[in-house]
Amino acid sequence: MSPGTNDDATPEADRAAPEASIVGAAPGGTGVSRDRLRSARLVFCAAALAVAMTAGAVVVGALRDGGATPAVAAAGVSPLIPANGDLDASITSLQAHLRTQPGDFGGWATLGLAYVEQARTKGDPSRYPQAQQALDRSLKLRPHYDPALAGRAALAAARHDFTGALKYADLALGQNPFSERALCSRIDALVELGRYAEASKAADLADSRRPGVPVFTRYAYVHELRGDVATARRVLKQALATATSRGDIAYVSGALGQLAWNQGDYRSALTFYARALAADDSYLPALEGRARAQAALGDRAAAIKGMEQVVQRYPLPQPLVELGELYEARGRAGDARQARDQYALVNAWVSLARANGVDADLDTALAAADHGDHRAALKAARDEWARRHTVHTADALAWALHVAGRDKEALPHAREATATGYRNAAFLYHRGVIERATGHTKAARASLKAALELNPGFSPLGAREARAALKAAR
């Protein structure tokens, strides 16, 4: 919800019904042509999902928190791959080179990493098996070659196989303790596995061996997860001061914008996002973050326009859900249908992701709990919790249990999600609602108040519901 906006504008009868068909006739629609246009847009978005899902697999951690999680960022790409050059041309050149020099193990490792990077930036799922083949070829020619092992770590992380990512990162570091990519992949894997104390030590080690933008951003996130926002901000500003490439400037500025937004400092967030977009006007996390900050400041029209541009290019779960909630919050005729469309596309994304071997349980749990099948949400949350215990999986499981009516079982997980000190308004909101449902009224008031004081515009709908829950708890 955006401060200063009419949050009661959504008619109850027009609220989104997630189980509705995505191609059904619009209530009060104006005819076949409009439905055809709408259907064509959905078909386009569904097609875009196919090419976006690889990137989504890589950046989903970032999107989960709104765009700043550096767990699987571009940083640490092989120095042989141009950070801001033409990646496609580089791959073409490498392919031509390897046709004449097939024994070049270094070339194969670089090509494998280039495919991983191409999957991240271009959204081409076919690049994953190509990346694995290239990296395996390198390792066959030169067993224990550390750039290829580090590439396997990056590839595993892209596929959300964080145990595999940690294994290959350790193997690479066994060959080369100063491998920047392996050091970064090791931090990423430990964070995504919820092993935060080890991740902190890994970040300290990486900082001592290879200080620079890739390590700084991960160091900052590890501190943010522990509630040490001051250190996270200081380190990111240090990283920004040392960034020289357009890609690094956009990435670090975007991370600073997200950090500011998480603390409810929307003006600063917009300033950092503007700097990111000045460096790269197509940088999606900054476009998404700018829309989110605009919504929090009450400029819903700009937020919707910006988020529509984001999902047209990369229809990934979080921006789809946020756009749907923006439509619901606006509450105009037809907005409920548009909201349902966005939630339906999340389901399509999940199906495509799973078909291509990407673990999408966390995305399923988060989206379905609020806008889908509650039983599916709980199953997905339980499955993800069985694989890894992070603050994000704890929050997802707690909320899925809540919407399934199992608040007593949800409460320990809600508390676990906030136990590290990580300052996340959505987590506090979920905890407050669950505390109220279990009769912990005083604690509920404290949690809900903390959520709204921290980030009063944390969600187009969630913030409104948090205010209602706080009022009811008095």
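The values are calculated or read from the model by the stated rules, or taken from the named source; none is laboratory data. Please read all numbers here as calculations on a predicted model, not as lab measurements. Backbone-built Cβ (ideal geometry, glycine too); neighbour counts: all protein chains shown. Accessible surface is based on the protein model in full, side chains and every heavy atom, while ligands, DNA and RNA are left aside. Shrake-Rupley method; radii C 1.70, N 1.55, O 1.52, S 1.80 Å.
Annotation: LEU297 carries an accessible surface of approximately 60 Å², with a 1.4 Å probe and no ligand, DNA or RNA atoms counted. Computed from label points 7 Å out along Cα-Cβ, the spacing between ALA386 and GLN95 is 4.0 nm. Grab the beta carbon distance between THR163 and ASP373, set R0 = 25 Å, and tell me the FRET efficiency rounded to 0.05. According to the calculation, E is roughly 0.30. Backbone phi angles across the stretch 142-150, fed through the Karplus curve with coefficients 6.51, -1.76 and 1.60 (θ = phi - 60°), yield HN-Hα couplings of 9, x, 6, 5, 5, x, 6, 5, 5 Hz in residue order; Gly and Pro are listed as x. For the stretch 259-363, a crude dipole built from +1 on the beta carbon of Lys and Arg and -1 on the beta carbon of Asp and Glu, taken about the Cα centre, is about 320 debye to the nearest 20.
Just add up the charged neighbours of ALA404: K/R +1, D/E -1, any other residue whose Cβ is under 13 Å from the Cβ of ALA404. Write down the numbers at each step before the final one.
On the way: positive: ARG375, LYS379, ARG382, ARG406, LYS408; negative: ASP370, ASP373, ASP407, GLU409.
Value of the local net charge: +1.
Restricting the chymotrypsin sites (Phe, Trp or Tyr not before Pro) of the stretch 344-412 to loop positions (DSSP other than H, G, I, E, B) with no more than 15 neighbouring Cβ atoms within 10 Å leaves nothing.
Report the extension gain between GLU453 and GLN312 in nm, rounded to one decimal, defined as 0.36 nm multiplied by the number of residues separating them, less their alpha carbon distance. Could the numbers behind the result be given before it?
Values: separation 141, 0.36 × 141 = 50.76 nm, distance 3.28 nm.
Extending this stretch completely gives an extra 47.5 nm.
Taking Lys and Arg as +1 and Asp and Glu as -1, the other residues whose beta-carbon sits under 9 Å from that of SER447 total +3.
Residue order by solvent-accessible surface for TYR145, TYR221 is TYR145, TYR221, largest first, with ligands and nucleic acids left out and a 1.4 Å probe.
Quick check: from the Cα gyration tensor, does the stretch 413-474 come out rounded (a/c under 1.5), prolate or oblate? Mind showing how you got there, number by number?
On the way: a/c = 1.74, a/b = 1.01, b/c = 1.72.
Oblate, because a/c is 1.5 or more while a/b does not exceed b/c.
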